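The values are calculated or read from the model by the stated rules, or taken from the named source; none is laboratory data. If you're wondering where the values come from, they're calculated on a predicted model, not measured in any experiment. Here the Cβ positions follow ideal geometry from the backbone for every residue, glycine too, while neighbour counts run over all protein chains shown.
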């Protein structure tokens, strides 16, 4: 199986990631100019969702259509992935009919196992470990607004979740410093911290993390599948709310990002998305453009070598 997968930011070289982002910006310009560009005509993307989604589904489905291809949405009700049918069997069958597969799932091992048995590219649309497509959009947004992120300081405030893990990988691949502020016991996976070494600092005080930062990012305090912990988390994470006052401690040209959906009054203050420093809406739109660049990279070569 020689297909090229995108399960993590580490599946690309820093140079490839940087060209993906530039390509995302080019594709965005083409779309804004109304230019028809359909390199993936007759290509089909299968999209497997074990977790709910708004932006991931829309961006991949619209992206494939805009590139001239099609996307097939499979909800948990439509597939037996890991229930009854082994993931490996599903991968063999599905990849014989599709040109690429995007999976949004719980266990990251579902992705790695599927990829092992797939003859076509597999893309991580989010797992409990990582959310690399979101980071492509985040890095594109920063680049559009501020240029290179190399050597800059990024602050992650809140839960050491899959988004936080992907920010750790991004710190390595895009060469920036990352400060993570989280309550005790909610640190990111030690594997990712060990890999990042000096590049990442874990702090308790959000003010310390944000001081002088060029980018501040956060996410919901309770991720999908953790709903029973909500009350406890609300209490623990209260000091980690990102507010306009907190952003005032960052660099004067700081950008604020949130991968959405946002819970106003929880991880962000009610008015934060209206702050001029917030680029959450551009960031959300860039999921479309960054993933189109990714689809073009992964699917088009497969077509030429078929």
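The set of residues from segment 74-102 being touching a strand residue (DSSP E or B) at 6+ places or on another chain (Cβ under 9 Å), surrounded by fewer than 19 Cβ atoms within 10 Å (Cβ to Cβ) and within 27 Å of residue 2 (Cβ to Cβ) comprises 74, 79, 93, 97. Annotation: of all residues in segment 27-38 being without any contact (Cβ under 8 Å) to a residue 40 or more places away in the chain and surrounded by 13 or more Cβ atoms within 10 Å (Cβ to Cβ), the one that is farthest from residue 166 (Cα to Cα) is 37.
Can you confirm whether segment 48-55 contains a residue that is assigned to a helix (DSSP H, G or I), outside the structural domain of residue 167 (by TED's automatic domain parsing), closer than 26 Å to residue 259 by Cα and without any contact (Cβ under 8 Å) to a residue 24 or more places away in the chain? Reasoning before the result, please.
Let us first name the residues in segment 48-55 that are assigned to a helix (DSSP H, G or I), namely 55.
Retained after the next criterion (residues that are outside the structural domain of residue 167 (by TED's automatic domain parsing)): 55.
If we keep only those that are closer than 26 Å to residue 259 by Cα as well, we get 55.
Then keep just the ones that are without any contact (Cβ under 8 Å) to a residue 24 or more places away in the chain; that gives none.
Looking for residues that are assigned to a helix (DSSP H, G or I), outside the structural domain of residue 167 (by TED's automatic domain parsing), closer than 26 Å to residue 259 by Cα and without any contact (Cβ under 8 Å) to a residue 24 or more places away in the chain, one finds none in segment 48-55, hence no.
For segment 156-170, the criterion of being assigned to a strand (DSSP E or B) and more than 22 Å from residue 235 (Cα to Cα) is met by none of the residues. Just one of (1) within 28 Å of residue 205 (Cα to Cα); (2) surrounded by 23 or more Cβ atoms within 10 Å (Cβ to Cβ); (3) touching a helix residue (DSSP H, G or I) at 6+ places or on another chain (Cβ under 7 Å) fails for residue 143. It is (2).
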